[in-house]
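The values are calculated or read from the model by the stated rules, or taken from the named source; none is laboratory data. The model shown is predicted, which means the values in this text are computed figures rather than measured ones. Cβ atoms come from the backbone with ideal geometry, glycine included; neighbour counts cover every protein chain shown. SASA here: full protein model, heavy atoms, side chains in, ligands and nucleic acids out. Shrake-Rupley method; radii C 1.70, N 1.55, O 1.52, S 1.80 Å.
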Amino acid sequence: MACLIECIDCGHTNHYHPSEFNCPNCKSQWRRAIYDYDNIAKILPDALEKRPFGLWRYQELLPVQKPVTSLRMGEGGTPLIQAVNLGLMLGCPNIFIKDERQGPSASFKDRQAAVTIAALKEAGITEMVAASTGNVAIAYSAFAARAGIKLWAFVTSLVPAVKMREIALYGSQVVKVTGSYDQVKKIAAEFAEQRGLYHDMGARTITSVEGMKTIAYEIAEQLTEQLGPATDGSLWRTPTWYIQAISGGLGPIGVSKGFHEMKRMGFINEIPSIAAIQADGCAPMVHAWKQNLEEANAVISPKTHIETLATGTPGRAYPLLREEFKENKGLFESVTDEEAFRAMHVLAKMEGVSAEPAAAAAFAGLFKLIRAGVIKPTDTVVVNCTGHTMPAEPLVLGSGWARNVVLPQESETAQAEPAPKEGEGLLAALSRVAPDRFPRVAIADDTPDARRLIRRILQSQGEYTIFEATNGREALELVNRERPDLLILDLMMPEMDGFAVLDAMKNNPDTVHIPVIVSTAKELTQDEKNLLKGQIQALMQKGDFMSDEFLDEVKSLIR
Ligand SMILES: *Cc1c(COP(=O)(O)O)cnc(C)c1O
Ligand SMILES: [Zn+2]
C-alpha cells in the first residue's frame with residue numbers, strides 16, 4: 001500500500017523514494033511516512049488473523065509496495081518472554097523481555113535492515129553505504145547478501161573483531177576507521193555522496209524508523225495474548241513502560257511512532273512511557289534531559305566500553321524524543337558500564353537470556369528505575385533485549401569459570417598395560433571437578449516461586465546442598481534433622497511462623513549457632529524488628545534484593 005512522506009518541518013508531502021533524502025520544499029532531512037490510517041484501521045484486524053507472526057504482517061503500514069518474499073529470513077515476530085525470576089527479585093511481576101536476539105542476525109537492527117533492503121530492492125538500488133558500531137552493518141550485510149546489494153560498512157576500530165569478521169563474512173566491504181563513531185558517520189556520508197550511493201542516515205531513514213515501529217505493534221498484540229484483553233476496552237494492551245538502551249535513538253523514535261499510529265487507528269488508548277538508557281560515559285541526551293535543555297551538548301570522546309552505545313552527537317533525535325517523553329512521561333537515564341555488565345550476568349543467570357552489554361544496559365536501567373520507585377510494582381514493563389553476541393563475556397566472567405578434566409591417555413596397547421592405580425583415571429579426575437560435601441542451606445518458605453528463586457540464586461554461583469521446607473513446622477524438623485550451615489527463613493508461614501521457628505532453634509543448644517537470613521515480603525514493625533535483633537544475621541526484603549548481594553551475604557555466613 002502506498003505511503004506519503006511528510007516533512008516534519010514544513011508539512012510538505014510527496015511520494016516515497018529511498019534515494020530522496022531531503023524535503024523537496026525546505027530541504028529538511030526529518031520526514032516521516034504517513035498512511036491511509038482510516039482505511040487501514042478497517043481492514044487490519046481481520047487481515048492480521050490470517051498472517052504469520054512477523055514483521056511483514058503489518059505490510060500496509062510499511063513503505064514497500066510489494067515486499068519480495070524471497071528476501072525474508074524470519075525478521076520480526078520475536079518472542080515476548082515474561083521475566084519471572086527478575087520479577088520476583090525486583091518485586092515487579094509484569095516484566096517482559098522483547099527478545100530481539102532471535103532475529104536473523106541476532107539484533108533488533110534486523111528490522112531496519114529488512115525494510116530498508118526491501119525498499120532498495122524495489123527501487124532497483126544495488127549498492128549502499130552504512131556507518132555502524134557493528135550490529136547495523138551485520139544486519140544490513142545479511143539482508144544485502146540475499147538481495148544482491150553491495151554494502152560498504154564503515155565501522156570504528158573499537159568494534160570487536162568478531163563483529164567485523166561477521167560483516168566481512170557476508171561479503172560486505174569493511175572500512176575500519178580509527179576515530180569516534182560520529183566521525184565515522186561523517187566519513188561514510190561523504191564517501192556515499194562522492195559516489196552517489198544510497199546511505200543509511202540513522203533515525204532520518206524512513207525505512208529504518210518504519211522497521212523499528214513494528215516492535216510496538218508486536219508488543220501490543222503479544223501483551224494482549226499473554227495478559228488477556230485490555231481492561232479499557234481497546235483492541236490491544238500496551239505496557240506502562242518500554243525500556244531500551246539507546247545510541248542515536250532510532251529505536252524509541254520508531255517504537256513511539258508505532259504506538260501513536262495504533263492510537264490514531266483506535267487500536268489502543270494509552271501511549272506507553274519510554275525509558276531510554278545511555279551509558280554513563282556517553283550520555284549526552286541524559287545530561288540534557290536532567291538539565292532541561294532543548295538541545296544536547298555533544299560528548300566528543302565517549303568513555304564507555306559499550307561501543308554500541310557510543311553516539312556522542314544525538315542531533316535532532318534528542319529534541320524529538322524529549323518532546324515525546326514530556327508528553328507521555330518518558331525519561332532518559334544512564335547506567336555505568338559496570339552496572340550493565342552486572343545486569344548482563346544477572347539476566348543470564350536468572351532468566352537464561354544472554355544479552356550483549358548494550359542490551360544489558362536497558363536492564364541495568366530497569367533495576368535502577370525500580371529501585372528509585374519510578375517504575376511501580378504494578379506497572380507492566382517491556383524491555384527490549386536488543387542484541388546478542390559473545391565478545392564481552394571475558395569482561396563479565398573473569399577467570400575460573402570452567403573446570404578442566406584431563407583424562408589419562410589411552411594407549412593403543414591398552415590390554416597390555418597394568419591396571420591403573422587407585423586414585424588415577426576417570427574417578428580421580430571427576431573428584432577434582434567437585435568436592436563430595438557442599439555447604440548445606442535450608443530454605444523455609446511457603447511460596448514455591450520464592451523457594452525456586454532462592455534455589456536458583458544459590459545454584460547459579462556456587463555449590464550448595466539445598467533443602468526446602470514449605471512451612472514452619474517442616475522447617476524446624478529439617479533444621480533438627482539436617483543441621484544445615486545456613487537457614488533462609490520466611491516469616492509469614494502456615495502452621496508455625498518464622499518467629500516461632502527462630503525461638504525454638506535458639507532454645508536448642510544444637511541449633512542455636514546456625515546462622516539465619518530472614519527473607520520477608522512484609523514491612524516489619526519496630527516490635528518485630530526488636531524481636532529479631534541478635535537472633536538473625538541478615539534481613540532481606542523480598543522483591544528488593546539483587547542476586548549478587550544475596551550471594552555475598554550467604555557466602556560470608558557460611559565461611
Ligand atoms: C543499535 C543498538 C542500540 C541503540 O539503538 P538506537 O535505537 O539506535 O539508539 C542498542 N542496543 C543494541 C544491541 C543495538 O544494536
Ligand atoms: Zn519541508
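What to note about this one:
- In region 289-337, the qualifying residues are those that are assigned to a helix (DSSP H, G or I) and within 23 Å of residue 156 (Cβ to Cβ), and the one that is farthest from ligand 2 (Cβ to nearest atom) is 337.
So that you can scan it fast, the table gives a plain yes or no per residue for (1) touching a residue at least 40 places away in the same chain (Cβ under 8 Å); (2) more than 16 Å from ligand 2 (Cβ to nearest atom); (3) of a type outside the set (D, E, K, R):
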site	(1), (2), (3)
176	no, yes, no
185	yes, yes, no
189	yes, yes, yes
201	yes, no, yes
204	yes, no, no
208	yes, yes, yes
211	yes, yes, yes
220	yes, yes, yes
240	yes, yes, yes
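- Selection within region 239-254: residues that are assigned to a helix (DSSP H, G or I) and open to solvent by less than 10 Å² (accessible area, probe 1.4 Å). The member of this set that is farthest from residue 306 (Cα to Cα) is 254.
- Qualifying residues in region 481-508 (those that are touching a residue at least 12 places away in the same chain (Cβ under 8 Å) and of a type in the set (Lys, Arg)) - the one most open to solvent (accessible area, probe 1.4 Å): 483
- Qualifying positions in region 349-367 - within 15 Å of ligand 1 (Cβ to nearest atom), hydrophobic (A, V, I, L, M, F, W, C) and either over 21 Å from residue 288 (Cβ atoms) or not in a helix (DSSP H, G or I) (or both): 353, 355, 359, 360, 363, 366
- Some residue of region 69-85 being among the basic types (Lys, Arg) and touching a helix residue (DSSP H, G or I) at 6+ places or on another chain (Cβ under 9 Å): yes
- Where a residue in region 450-464 is farther than 14 Å from residue 85 by Cα and of a type in the set (Asp, Glu) and its partner, wherever it lies, is surrounded by fewer than 16 Cβ atoms within 10 Å (Cβ to Cβ) and at pLDDT 85 or above, with Cβ under 9 Å and at least six apart: 463/438
- The single residue among 525, 520, 511 that is assigned by TED's automatic domain parsing to the domain that holds residue 455, surrounded by 14 or more Cβ atoms within 10 Å (Cβ to Cβ), over 28 Å from residue 348 (Cβ atoms) and of a type in the set (Ser, Thr, Tyr) turns out to be 511.
- Any hit, region 300-319, residues being more than 24 Å from residue 179 (Cα to Cα) and out of contact with any Gly (no Cβ under 9 Å at 6 or more places or on another chain): yes
- Candidate set from region 284-299 (those that are buried (at least 19 other Cβ atoms within 10 Å of the Cβ) and in contact with a helix residue (DSSP H, G or I) (Cβ under 9 Å, 6 or more places away or on another chain)); member that is farthest from residue 214 (Cα to Cα): 299
- The set of residues in region 368-378 that are open to solvent by less than 40 Å² (accessible area, probe 1.4 Å), out of contact with any helix residue (DSSP H, G or I) (no Cβ under 9 Å at 6 or more places or on another chain) and part of a loop (DSSP other than H, G, I, E, B) contains only 373.
- Extreme residue, surrounded by the fewest Cβ atoms within 10 Å (Cβ to Cβ), among residues of region 198-238 that are among the aliphatic types (A, V, I, L, M), more than 19 Å from residue 253 (Cα to Cα) and modelled with pLDDT of 95 or more: 227
- Any pair with Cβ under 6 angstrom, 6 or more apart, that starts in region 51-63 at a residue that is among the aromatic types (Phe, Trp, Tyr) and ends at one that is surrounded by 22 or more Cβ atoms within 10 Å (Cβ to Cβ): 58/214; 58/217
- Within region 23-54, the set of residues being more than 34 Å from the chain's Cα centre (by Cα) and within 16 Å of ligand 2 (Cβ to nearest atom) comprises 23, 24, 25, 26, 27.
- For region 258-273, residues that are assigned to a helix (DSSP H, G or I) and open to solvent by less than 30 Å² (accessible area, probe 1.4 Å) total 4.
- Hits in region 341-364 - residues which are open to solvent by 10 Å² or more (accessible area, probe 1.4 Å) and of a type in the set (Phe, Trp, Tyr): 341
- For first residues located in region 310-332 and open to solvent by 10 Å² or more (accessible area, probe 1.4 Å), partners that are aromatic (Phe, Trp, Tyr) and lie 6+ apart or on another chain with Cβ distances below 8 Å form the pairs 310/181; 316/30; 320/30; 322/289; 331/289; 331/325.
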